[in-house]
Amino acid sequence: MLKRVRLYALSTCPVCKKVKEFLRNNFIDAEIIEVDTLDSGEQWVAVKELKKINPQETFPTLIVEKAVVGFDEEALRKILEINT
């Protein structure tokens, strides 16, 4: 089953890069929002959305359907139904 995946990331964040690599290596189609590369208006909107989902505003923030997940590879494999 195809799940909606959205990643809030920073272009310079090493952990964010690992999450993007994990998604790419597992052929997961995700909406990736690199907040620091957006113009100021888009950035404001993205941070406002992120704050609703993750009040700590930490990066990376990965949302799979309605579940908020950080970079916990085991949890990601389970929620995305990826066999190891």
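Can you give the helix-only mean residue ellipticity at 222 nm for the chain, where every DSSP H stretch with n ≥ 4 adds -39500 (n - 2.57) and the sum goes over all residues, rounded to the nearest 500 deg cm²/dmol? Please report the intermediate quantities before stating the final value.
On the way: 3 runs with 33 residues, N = 84.
Taken over the chain, the calculation gives -12000 deg cm²/dmol.
Dipole of region 24-78, Cα-centred, from +1 at each Lys and Arg C-beta and -1 at each Asp and Glu C-beta, to the nearest 20 debye? Could the numbers behind the result be given before it?
Values: 7 positive and 12 negative charges, 52 e Å.
I would put it at about 240 debye.
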note = Taking Cα pairs closer than 8 Å and at least 6 residues apart, the relative contact order of region 5-79 in percent is 37 percent
query = If you take the charge dipole of the chain about its Cα centre, with +1 on Lys and Arg Cβ and -1 on Asp and Glu Cβ, which of Val15, Leu2, Val47 is farthest toward its positive end?
reply = Leu2
ask   = Angle between the Cα long axis of helix 14-25 and the longest principal axis of the chain, 0 to 90 degrees, nearest 10?
value = 40 degrees
request  = Working from Cα positions, state the angle (0 to 90°, nearest 10) between the long axis of helix 40-53 and the longest principal axis of the chain.
outcome  = 50 degrees
request  = Would you grab the residues whose amide H sits under 5 Å from the one on Val69? Only those 5+ places off in sequence or on another chain, please, with H modelled 1.01 Å from N.
outcome  = Leu62, Ile63, Val64
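Using the Cα centre as the reference, give the magnitude of the dipole from point charges on the C-beta atoms of region 7-55 (Lys, Arg: +1; Asp, Glu: -1; all else neutral), rounded to the nearest 20 debye.
I would put it at about 240 debye.
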ask   = Are there chymotrypsin sites (Phe, Trp or Tyr not before Pro) in the chain that DSSP marks as loop and that have at most 12 other Cβ atoms within 10 Å, and which are they?
value = Phe27
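None of the figures in this text is laboratory data; all of them are computed from the coordinates on show. In this text, all values refer to a predicted model and were calculated from it rather than measured experimentally. Neighbour counts run over all protein chains shown; Cβ positions are idealised from the backbone, glycine included.
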